[in-house]
Every structure is written in C-alpha cells, then in structure tokens.
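The values are calculated or read from the model by the stated rules, or taken from the named source; none is laboratory data. Predicted, not measured: the structure shown is a model, and the values here were computed from it. With ideal geometry, Cβ positions are generated from the backbone for all residues, glycine too; neighbour counts draw on all protein chains shown. Each accessible area value is taken on the protein alone, full model and side chains, heavy atoms only, with ligands, DNA and RNA left out. Shrake-Rupley method; radii C 1.70, N 1.55, O 1.52, S 1.80 Å.
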Amino acid sequence: DDDTWLPEKLALQVSVFDNHGRDVALVYGGYQFFNEHGVYAFQRPLVRGQVLQDLLWERDGFCASASNPLLRVSVAQKLGGYDPDVKTGEDFHFYLRLSREWLIEFTRELVVSVRQHDGPRLFGASDERIRTEQRVLQEFADVMAPALRARYLKKIGGKHVRMGNGREGRR
C-alpha cells in the first residue's frame, strides 16, 4: 500500500523470465525512493545468478521492498512460501532459502517506487530481528565464512546492547 509499481514492471520482468532458463526463480528490478516532495534517489540492481553470498553479506539493497520481485509460483510452492516462524525479515529469509537452489536475475530498468515516510514501518521489534538473524546464522552456517559469521554476531550483539541488555550483547 505504500509502494507503487511502475507501468512496465510486469512486462519487463516477464521478459527476463522468457529470456532465461527455468533455473531463474526470481526477477527484480531497479527502484526509486520517493516521499511527499517527489523522487529523491534510485538504485539499479547489482547481483544476479547465484546470489546467496551477496544476500548474506547484504552487498546490494536487493529489491528494497516486497513489491519489487516477481517469483515463479512453482518455486514459492516448492519452498512452502514464507516460514511462519519468522516474524520479521520473512521476505529476506525467503530470498535466502530461494537463492540456495535457484538463480536470480534482474532488469536494470526501474520497476517500483518505494515510499519513504515517518509513519508506521514494518521493521519489526528488535527481539524478533535478533531471532531472525540467529536463525540465519543457524540455517546458513554451512556457507558462512568466519568473517560473515562474525558480522552477524556483531549485528545481534549491537541490538542487544541497544535494547539495554549489554551483558548479552557482549556475549
């Protein structure tokens, strides 16, 4: 309800699916940010192919919004959709699971406008974000180099400290 699809979004993304093999499970595109004053920034896609490491390292803003990606229904069904136990960051967790087995592609064109505002946001509570990051650490430990694992532990520790639980954060 906050974001808007640009007029050619579906045509551009379906065209990418049509021009690539069945191993491509998700196509995303460029996006722009806007607020009450208009468009103020945009991002072109950066990662394609086998992107699990790129997503784990957050090397790209990826799709910025769940309004951006177009998915193959068969892949979403095979994965069982979002994991109901993940309450915050469920789309990120889903994309990680998807990128273990399938390829991701993009169109460089802008396909969605992402609204930025001061109203309610869907970031979730810090404790839920910690649980999601701990889950990612556990589920993707087999592909995490020590530096990546340390990065996640630092993010988790920082959230504990900001929540007033310094002892747990330092641990």
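Label sites at Ser74 and Arg162, each approximated as a point 7 angstrom past Cα along Cα to Cβ, lie 4.1 nm apart. Taking all Cα pairs closer than 8 Å and separated by 6 or more residues, the relative contact order of region 56-140 comes to 37 percent. Accessible surface ranking for Arg151, Arg171, 1.4 angstrom probe, highest first: Arg171, Arg151.
Within region 17-61, the trypsin sites (Lys or Arg not before Pro) that combine a DSSP coil assignment with at most 14 other C-beta atoms in a 10 angstrom radius are Arg22, Arg59.
Accessible surface calculations at 1.4 Å, restricted to protein heavy atoms, place region 87-171 at 59 Å² per residue.
Shown are Asp127, Asp83, Asp18, whose ranking by accessible area with a 1.4 Å probe and every protein chain present, most to least, is Asp18, Asp127, Asp83.
Entry note, region 25-99: relative contact order of 32 percent, from Cα contacts under 8 Å with a spacing of 6+ residues. Give me the percent of the accessible area of the chain that comes from carbon and sulfur atoms, probe 1.4 Å, all protein chains in place. Ligands and nucleic acids excluded, carbon and sulfur reach 51 percent.
Once all protein chains are placed together, Ile156 keeps about 10 Å² accessible to a 1.4 angstrom probe. Where the alpha-carbon atoms of region 1-138 are placed on the principal axes, they occupy 41, 40, 24 Å, in descending order. Once you reduce region 67-115 and region 23-54 to the center of their Cα atoms, the two points are 12 Å from each other.
First measure r as the distance between the Cβ atoms of Trp57 and Ala11, then evaluate 1/(1 + (r/R0)^6) with R0 = 30 Å and state the FRET efficiency to the nearest 0.05. Plugging the Cβ-Cβ distance into 1/(1 + (r/R0)^6) gives 0.45.
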